[in-house]
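Laboratory data are not the source of any read-out in this text; all were calculated from the coordinates shown. Bear in mind that the values here come from a model prediction, so they are computed numbers and not experimental data. Cβ placement follows ideal geometry from the backbone for every residue including glycine, while neighbour counts extend to all protein chains displayed.
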Amino acid sequence: MGSTLRIVNGRVYDPANNVDGKTRDICIKDGKIVKSVPPKTKTIDAKGMVVMPGGVDIHCHIAGAKANIARKLQPDDHRRDVMRRLDLKKINTRSGTGGTVPSTFTTGYRYATMGYTTAMEAAVPPLLARHTIEELEDTPVIDKGFYILMGNNVLLYQMLQEGRHEEIRNAVAWWIDSTKSYTTKLVNPGGDEPWKGHRNATITQLNDKIDGFEQLTPRKIITSMVSAVEDLGLPHPVHIHCNNLGHSGNYKTTLETMKAADGRRIHVTHIQFHSYGGKPDENPTSKAPAIAEYINNNPNISADVGQVMFGKSTSMTADAPLAWMLTRYSSDQRWVNADTECESGCGIIPFAYQEHVYTHALQWAIGLELFLLSKDPWRMVLSTDHPNGGTFTSYPRLIRTLMDKEFRKEQMNSVNQKAVAKIKRAHHMEREYTLQEIAIVTRAGPARILGLKNKGHLGPGADADITIYDEHEDKELMFSAPRYVLKDGKLIIDNHEFKNNHEGKLLHVSPDYDEGIKDVIRPFVEDFYTIKFDNYAVSDNYIHHHEVIPTTK
Ligand SMILES: [Zn+2]
């Protein structure tokens, strides 16, 4: 850094600044985009190329305890996909393995070589934040952050049961600050904790009473967390994995959850998995049109799709009852169900989505419907819930499926026809995403939803995270191998080759709270956790390269 660079002659797609394919110069100084640089500055000639901000992944599972268990569970996945150390002068890259849950090093390099420069790990029990930070620091090139699980937290349940709302807000702030995390995540709120005890039911309604907490319902957990996060001014709202993921008929729960927000902002994640009609325990149907319509009409809601891609995946989730249900549908004998004391559950199952299976083909088609019915790409952004619906390395294929209707039709014709019969003929299946829309759903939209003001655009002040693609008819090819990738102004990919390693930052939020809340949390941790309260928080000197993203308060 400390240097300047100018990108010239490229066609720039920068939707946040209303630039749609115009030829513009992009100037870079000290890792940031600036208005101008001296005339003699080094240039990259991007003639015939497409220039976009670096990709931003709003929801993936790439680090921490569950990723580690998933890696250990599948040695077969690693031996087929070994990434060797790059033997280049002055560059210290590390070897690793890929598969559906790549090693930390491989994760960072592969995101970067695809033109993605920021990724958010979506589900971390607060107690395991330290482990997650260790792995994220080990993940090269990209910036990253993580969301902490708060939907099945026993101490918060107690506070909520007793109506201690002021304390809830302070506790949430303490948890965000002391784990160095980004926002709160609700996974099957009110569903995991009772399931871990003794109840076998896996379906939860928003007004169900929670075992052991008679005054409490999933609805109360959701609305109190929405209030707490709004009061704290976190840059990203509550990130919600709704109840009843994967169950036929769950679209009603999803609509109810969105309505429960009552006009306040929420982000509903991998919404494809929550858009199913039909009766419980019978085959699902598509309710994508109802879900898309609700989101189109309600600007307080944002979502990522959680597209299913055919092939190998790994289901890894904090939704322990869901994992238990999935064991019925997986041909793989291996699975893990784990508990994180007082905070969360966890389940992991190797999985494979197959074209000929009715449900898998339907899930794939529902994801596409959500994309194609979305009227506001800023609020319906791209994800595969890596590695749950498919791995992040399948994004280029997904992009081609959205941009190329003939390619999409070919695939439609080769999957289970019973599943896609209705969907195939729908008018929206003719839509093709433009490059500008792709720039929105893969970078500008996620950055805006995350409240990352320096990401997802190419205006002055933005981080110089930039991807330059050769324009190509085959969009899968185009988006899988950018010609140049810059991270913080540094050339990581130069002429398709990995040239420089880089250390990305941890992005986290540090909201204010009343110090008195520690006296409330301390005795609970001392009584019920296996570690002492004084060892719980991640201290400031534990994290190295990081950036505090300001709250809006
Ligand atoms: Zn997820």
Seminar exercise, completed: Here the net charge surrounding Leu136, from other residues whose Cβ is less than 9 Å away from its Cβ (Lys, Arg +1; Asp, Glu -1), is -4
Problem set entry | Percent antiparallel among DSSP beta bridges (both partners in the chain, rounded to 5) | 60
Seminar exercise, completed: For segment 458-470, in residue order, the Karplus 3J(HN,Hα) values (coefficients 6.51, -1.76, 1.60; θ = phi - 60°; whole Hz; Gly and Pro = x) are 10, x, x, x, 6, 4, 7, 9, 9, 10, 10, 10, 5
Exercise. Relative contact order, percent, of segment 52-507 when contacts are C-alpha pairs under 8 Å separated by at least 6 residues?
Worked result: 19
Seminar exercise, completed: Checking rank on 4-17, 44-57, with mean other Cβ inside 10 Å and highest first, the result is 44-57, 4-17
Seminar exercise, completed: For the chain, whose charge dipole is built from +1 on Lys and Arg Cβ atoms and -1 on Asp and Glu Cβ atoms, the candidate among Ile521, Ala439, Cys242 with its Cα farthest towards the positive end is Ala439
Seminar exercise, completed: HN-Hα couplings for segment 533-542 via Karplus (6.51, -1.76, 1.60; θ = phi - 60°), in whole Hz with x for Gly/Pro, come out as 4, 5, 9, 7, 5, 8, 6, 4, 6, 7
For this session: Quick one: which residues, 5 or more positions from Phe498 or on another chain, have an amide H under 5 Å from its amide H? H modelled 1.01 Å from N in the peptide plane, none for Pro or chain starts.
Result: none
Exercise. For Lys418, which lysines qualify as cross-link partners when the Cα separation must be under 23 Å and same-chain residues fewer than eight apart are set aside?
Worked result: Lys279, Lys287, Lys312, Lys405, Lys409
Problem set entry | For Val12, residues with placed amide H under 5 Å, excluding near neighbours | Gly21, Lys22, Thr23, Arg24, Val51
Seminar exercise, completed: Of the listed links Lys32/Lys375; Lys72/Lys209; Lys475/Lys499; Lys185/Lys490; Lys180/Lys375, those spanning more than 26 angstrom between alpha carbons are Lys32/Lys375; Lys72/Lys209; Lys185/Lys490; Lys180/Lys375
Exercise. Using modelled amide H (1.01 Å from N, peptide plane; none on Pro or chain starts), what sits under 5 Å from the amide H of Gln307, excluding residues fewer than 5 places away?
Worked result: Ser383, Thr384, Asp385
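Where a ≥ b ≥ c are the square roots of the eigenvalues of the C-alpha gyration tensor, would you call the chain rounded, which needs a/c under 1.5, or, failing that, prolate if a/b is larger than b/c, or oblate? Show your work: numbers first, answer last.
Working: a/c = 1.58, a/b = 1.22, b/c = 1.29.
Oblate, since a/c reaches 1.5 and b/c is not below a/b.
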Problem set entry | Radius of gyration, Dmax [segment 246-381; alpha carbons; angstrom] | 15.3, 44
Problem set entry | Derived scalar couplings ³J(HN,Hα) [segment 394-407; Karplus, 6.51 cos²θ - 1.76 cosθ + 1.60; whole Hz; x for Gly, Pro] | 8, 4, x, 5, 5, 4, 4, 4, 7, 8, 10, 5, 5, 4
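Arrange Tyr276, Tyr484 by Cβ neighbour counts within 10 Å, fewest through most, would you? Intermediate results must be reported in sequence, preceding the final value.
Numbers: Tyr276 27, Tyr484 23.
The fewest-first ordering by Cβ neighbours comes to Tyr484, Tyr276.
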Exercise. Assigning unit charges at the beta carbon (Lys, Arg +1; Asp, Glu -1) and nothing else, what dipole magnitude in debye, to the nearest 20, does the chain show about its Cα centre?
Worked result: 1540
Exercise. Which of Ile69, Ile148, Met412 sits farthest toward the positive end of the charge dipole of the chain, with +1 on the Cβ of Lys and Arg and -1 on the Cβ of Asp and Glu?
Worked result: Met412
